[in-house]
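Just below is one structure, and these are the notes that go with it.
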Ligand code: UDP
């Protein structure tokens, strides 16, 4: 058995993928998880016979063959495809805004708006709202002002406590205006939810003789830092892979990092269906951003019962009763600069790898997190082989 041991902090998707790859390469891996369950924010569990996502709807989608193939070793996806609708100016329309949304919202001017869009953006499948707003055309100005105000402004202000042009443009560009009738939320080759659920999938990934998992254990309390090393028991032979927020690891040395958090209220309703799509957005509502009906994405066939989750964003604060989990790194330069101080400081530790959505302080999707984890596993193993 190889002498070097890996300590992984956090059992989210990044931590478990790396754990599995290192375990398969013959290394002993200990995973420390401070929560009372594995699977990070992908954790799902059964409520009244329906599989729900404790930390909000997680839908896998990717066009990356390597990621898809890797995950297929552990899960089988159902055929769910995300189609979202939202109440814009009191009308239920497809989101992202597509040609059908335009038909519903502008019954008198729809043809002209669609024609102008095609003229200004030929051969382009979509256009981000902040780009559309720059176009010098009277009708498109009226259209983009309306969409900006009714679809983006209130939703984004609730979500980020900032206006769309005060956050990184890539955030609102995730939901561009679609220049066709295409009505799917994602554009990827593979999409779905694991039929057996995420938590079961994580159990399978972790089911390896070289992996030990310790839940209910906050590694921060047992980690030691000496000279250029970070370790639990054996300074010379342990390598630490940290997937959590860096301010926690370094005890807020450079102040707290800024995150947005979410609060979920789950409700079981005694009716077969609550809404047509899995997710309905509420840009108009003063408090909530979306309602998810889980059955519509797990595709479970349950009569006279359904579970919905209402989503309310807020500022992350570990002492808050509602918003005490970090979900989204704040997408501003100021927030990232603060993070960069931690990132530079972390380089001092020669046996530390920092990764994951929290560790990297990056708003990435599940498949990007998996891709990063696969790449980092290879890098770690190459570094080990050099030793
Ligand atoms: N957004 C919006 N209105 C909507 C949906 C999204 O303004 O109806 C903006 C908002 O700023 C949000 C971003 O687009 O944070 C990205 O939305 P997405 O659905 O990708 O967010 P996620 O599912 O990652 O929370």
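In the chain, helical runs assigned H by DSSP with n ≥ 4 each contribute -39500 (n - 2.57); averaged across all residues and rounded to the nearest 500, the mean residue ellipticity at 222 nm is -8500 deg cm²/dmol. Taking 7 Å steps out from each Cα toward its Cβ at residue 284 and residue 375 produces label points 4.3 nm apart. Relative intensity of the stretch 94-176 on a log10 scale, I(q)/I(0) at q = 0.17, 0.20, 0.22, 0.27 Å⁻¹, equals -0.67, -0.92, -1.10, -1.52, per a Debye sum over C-alpha point scatterers of equal strength in the absence of solvent. The modelled label-to-label distance between residue 321 and residue 337, using points 7 Å beyond Cα along the C-beta direction, is 3.7 nm. Stretching the chain fully between residue 386 and residue 256 yields a gain of 43.1 nm (0.36 nm per residue, less the alpha carbon separation).
Per residue, how big is the convex hull around the C-alpha atoms of the chain? Give it to me in cubic angstrom, could you?
Working: hull volume 58.4 nm³, N = 387.
Taking the convex hull of the Cα positions in the chain, it is 151 Å³ per residue.
Residues 377, 321, 180 in ascending order of nearby Cβ atoms (within 10 Å, fewest first): 321, 180, 377. For the stretch 132-205, taking Cα atoms only, Rg and Dmax work out to 17.5, 57 Å respectively. In plain terms, the chain from residue 217 to residue 73 could stretch by 49.0 nm, reckoned as 0.36 nm per residue minus the Cα-Cα distance. The stretch between residue 233 and residue 36 holds 68.6 nm of extra length on full extension. This uses 0.36 nm per residue minus the Cα-Cα distance.
Where a number appears in this text, it was derived from the coordinates with a stated rule and is not lab data. Quick caveat, the model's predicted, so the values are computed rather than measured. Cβ atoms come from the backbone with ideal geometry, glycine included; neighbour counts cover every protein chain shown.
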